[in-house]
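Written out below as structure tokens is the structure these notes cover.
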Amino acid sequence: MRPTAFARPGRFYRGNLHTHSNLSDGVLDPAEVCRRYRAEGYDFIALTDHFIGEYGYPIVDTVPYRDDGFTTILGAELHSGAMENGELWHILAVGLPADFAPANAPGFNPVAGQETGPEIAARARAAGAFVAIAHPQWSGLTLADARSLAAAHAVEVYNHGCATGADRADGFHTLDLLLSEGRDLTLVATDDAHFNEPDHFGGWVMVKAEENTPEALLTALKDGAFYSTQGPAFNDLRVEGDTVHVESSAVAAVIVQGQGSAAQALHGDSLTRAKVPLTRAADSPWLRVTLIDRAGRRAWSNPIQRG
Ligand SMILES: [Zn+2]
Ligand SMILES: [Zn+2]
């Protein structure tokens, strides 16, 4: 069994799905944000400014910054309704139409009568977006909150800005609990860059597509044809019987995780081909794989559903 990212034709395109500009609370203008990502070797970004009234509900037009080697997907970070802790929802929506209707969300505090988080997420998904639960640990998201976001395609498991600014980058706890409840979700690593601190070029997705166009990338994202990384590369991944086969850039550990506490690690100095026995994960309904290089940088496969 080979996940779609490694089975389908095409090549991997590097992209950041969560980015801000000075059209909300970021520092740089959209042209400069795109220029910096392009110069760093990215193939695409989604500029996802805060979709609130204070900033005029921006869905930034990044079409002028596309060229032969770089593209953009329109998007926004959506806000409406309160989480269980009383704070405003943060929901990543990549692939929104430019005329996506605003919520009644004037600022960063919830107001009475506005759409709930699950409602605006469902509206975004229906409008064609790839929807992710943003930075669960940073938000103080509860499991009940996460469960309620039925429209989510993915959980943001690593947010580089939340790592550098708050040391609260994690979304894996939320993801693994939802997977164990039977949810079919993917995972994304992002920057959430504002360029006001070293919050950029730290976490990204590698999306398998036949061409670097917004349409092809968005379809691949919804299909789960990608992996997430801070640097290490997956070259191949497959499950054969009770063994996970991984081909990768040189890493120091390959770890397979499954339901509950199930995990199996293989350690080495510069592993590029690993065979990891499933052991306690043999009966898990889902698996995922983590690579860790000698610098401590990680890469994460999407969950593999075994049903
Ligand atoms: Zn946010
Ligand atoms: Zn953000």
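Name every residue in the stretch 235-259 that is open to solvent by 20 Å² or more (accessible area, probe 1.4 Å) and either basic (Lys, Arg) or under 21 Å from His173 (Cβ atoms) (or both), in order of residue number.
Arg238, Ile255, Gln257, Gln259
Restricting to the stretch 13-71, and then to whatever is closer than 19 Å to Ser228 by Cβ and aromatic (Phe, Trp, Tyr), can you tell me which residue is nearest to ligand 2 (Cβ to nearest atom)?
Tyr37
On the basis of being open to solvent by less than 30 Å² (accessible area, probe 1.4 Å), within 30 Å of Asp236 (Cβ to Cβ) and not polar (S, T, N, Q), does Ala46 make the cut?
Details: open to solvent by less than 30 Å² (accessible area, probe 1.4 Å): yes; within 30 Å of Asp236 (Cβ to Cβ): yes; not polar (S, T, N, Q): yes.
Yes, satisfied.
Please list, ordered by first then second residue, the pairs with beta carbon atoms under 6 Å, 6 or more apart or interchain, first in the stretch 168-188 and free of Cβ contacts under 8 Å to residues at least 24 places away in the same chain, second open to solvent by less than 20 Å² (accessible area, probe 1.4 Å).
Once the first residue is free of Cβ contacts under 8 Å to residues at least 24 places away in the same chain and sits in the stretch 168-188, its partners that are open to solvent by less than 20 Å² (accessible area, probe 1.4 Å) give Phe172/Val157.
Only one of these is part of a loop (DSSP other than H, G, I, E, B) and crowded, with 23+ Cβ neighbours inside 10 Å: Leu175, Leu141. Name it.
Leu141
What are the residues in the stretch 109-121 that are open to solvent by 80 Å² or more (accessible area, probe 1.4 Å) and either assigned to a loop (DSSP other than H, G, I, E, B) or farther than 16 Å from Glu84 by Cα (or both), if any?
Taking the stretch 109-121 first, the residues open to solvent by 80 Å² or more (accessible area, probe 1.4 Å) are 109, 112-113, 119.
Those that are open to solvent by 80 Å² or more (accessible area, probe 1.4 Å) and either assigned to a loop (DSSP other than H, G, I, E, B) or farther than 16 Å from Glu84 by Cα (or both): Asn109, Ala112, Gly113.
Starting from the stretch 89-102, keep only residues that are touching a residue at least 24 places away in the same chain (Cβ under 8 Å), then list their pairs with residues that are more than 16 Å from ligand 2 (Cβ to nearest atom) whose Cβ atoms are within a distance under 6 Å, requiring at least 6 positions of separation or different chains.
Correct list of pairs: Trp89/Gly81; Gly95/Gly128; Gly95/Leu218; Pro97/Ala127; Phe100/Ala127.
Among what's in the stretch 152-165 and is open to solvent by 10 Å² or more (accessible area, probe 1.4 Å) and away from ligand 2 (no atom under 12 Å from the Cβ), pick the residue that is nearest to Leu185 (Cα to Cα).
By that ranking, first place goes to His153.
The values are calculated or read from the model by the stated rules, or taken from the named source; none is laboratory data. Bear in mind that the values here come from a model prediction, so they are computed numbers and not experimental data. We place every Cβ from the backbone using ideal geometry, glycine too, and count neighbours over all the protein chains shown. For the accessible areas, the whole protein counts, side chains as well, though only heavy atoms, and no ligand, DNA or RNA atoms are used. Shrake-Rupley method; radii C 1.70, N 1.55, O 1.52, S 1.80 Å.
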